[in-house]
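Report on the structure given below.
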Amino acid sequence: MIKVAIVEDNDQFRKALETIINQEKDTELLGSYTSAEKALSALEQSPPDIAIIDISLPGMKGTELIVRLRDKLRHTLFMVCTIHDDNDTIFEALKCGAAGYILKDPVTAEEIIKAIRDLYNGGSPMSPFIARKVIGTFQKPVINDVNSLLSQREKEVLELVAQGLLYKEIALRLTISAETVKKHLKNIYQKLHVQNKVEALNKFRSR
């Protein structure tokens with residue numbers, strides 16, 4: 001069962017998300033909040049597997065909430081769901097620790113559930129428009145900079161991560177097990193001193 005929390009101030013969209021999550025057999029709504037301030041202590045006390053967070057919230061921004069929670073809730077994955085599609089907002093969210101980025105308009109119930117499942121299973125779900133921006137920014141630095149830091153196989157794994165592939169898809173592509181993929185990623189994180197895939201890619205971008 002995937003435990004999900006929502007932080008969204010738009011009543012209509014929040015209730016739609018609640019309905020989507022409640023009607024699926026493999027997802028459970030752990031909590032739903034209208035502001036970052038209300039969510040902060042509640043999520044610390046009862047951490048979800050996935051937190052769906054809007055950026056434009058009253059008071060504290062969604063990105064600040066992610067920053068405050070990411071080191072405390074090491075097993076929680078953060079997915080931004082927003083109307084903002086500009087580069088600055090996208091990369092701010094990814095730098096803050098978001099592992100997924102979905103645009104509200106347009107998005108369907110099926111896409112929301114698929115994004116939740118993909119994130120839970122090791123992916124980094126993004127709306128196609130967002131994914132194109134991210135891949136276009138990250139891909140070349142990954143190819144150029146990994147040579148001096150990572151092994152050839154680690155480079156291959158990181159390049160496939162940049163393309164948005166899941167662990168099992170990377171495993172099939174490289175003819176290795178999903179567990180081996182996870183071990184390679186763990187080694188990459190240690191070498192780059194990061195905690196997740198997005199931070200690893202972002203570190204290359206900042207070089």
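The values are calculated or read from the model by the stated rules, or taken from the named source; none is laboratory data. These numbers come from a predicted model, not from an experiment. Every residue, glycine as well, gets a Cβ built from its backbone with ideal geometry; the counts of neighbours run over all protein chains shown.
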* Taking the stretch 91-105, which residues are without any contact (Cβ under 8 Å) to a residue 60 or more places away in the chain and either surrounded by 19 or more Cβ atoms within 10 Å (Cβ to Cβ) or part of a strand (DSSP E or B) (or both)? -> A93, C96, G100, Y101, I102, L103
* Asked: For the stretch 171-188, does any single residue satisfy the condition of being within 25 Å of E92 (Cβ to Cβ), part of a helix (DSSP H, G or I) and either more than 18 Å from the chain's Cα centre (by Cα) or modelled with pLDDT of 80 or more (or both)?
  -> yes
* Which pairs have Cβ atoms under 9 Å, sit 6 or more apart or on different chains, and link a residue in the stretch 154-174 that is farther than 13 Å from L185 by Cα and of a type outside the set (A, V, I, L, M) to one that is buried (at least 19 other Cβ atoms within 10 Å of the Cβ) and modelled with pLDDT under 85? -> G164/V134
* **Yes/no for P48 being out of contact with any helix residue (DSSP H, G or I) (no Cβ under 7 Å at 6 or more places or on another chain) and surrounded by 17 or more Cβ atoms within 10 Å (Cβ to Cβ)** => yes
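Mind checking which residues of the stretch 97-121 are under 12 Å from the mean Cα position of the chain (by Cα) and closer than 14 Å to A51 by Cα?
Correct list: G97, A98, A99, G100, Y101, I102, A115, I116, R117, D118, L119, Y120.
Each row is one residue, and each column tells you yes or no for (1) at pLDDT 90 or above; (2) not assigned by TED's automatic domain parsing to the domain that holds K15; (3) not basic (K, R).
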{"site": "E110", "(1), (2), (3)": "yes, no, yes"}
{"site": "Q152", "(1), (2), (3)": "no, yes, yes"}
{"site": "Q163", "(1), (2), (3)": "no, yes, yes"}
{"site": "E169", "(1), (2), (3)": "yes, yes, yes"}
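Do the conditions hold for L40, that is, is it surrounded by fewer than 20 Cβ atoms within 10 Å (Cβ to Cβ) and either in contact with a strand residue (DSSP E or B) (Cβ under 8 Å, 6 or more places away or on another chain) or farther than 18 Å from R117 by Cα (or both)?
yes
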* Going through the stretch 62-85 one residue at a time, which ones are within 15 Å of E199 (Cβ to Cβ), modelled with pLDDT under 95 and more than 12 Å from the chain's Cα centre (by Cα)? -> D71, R74
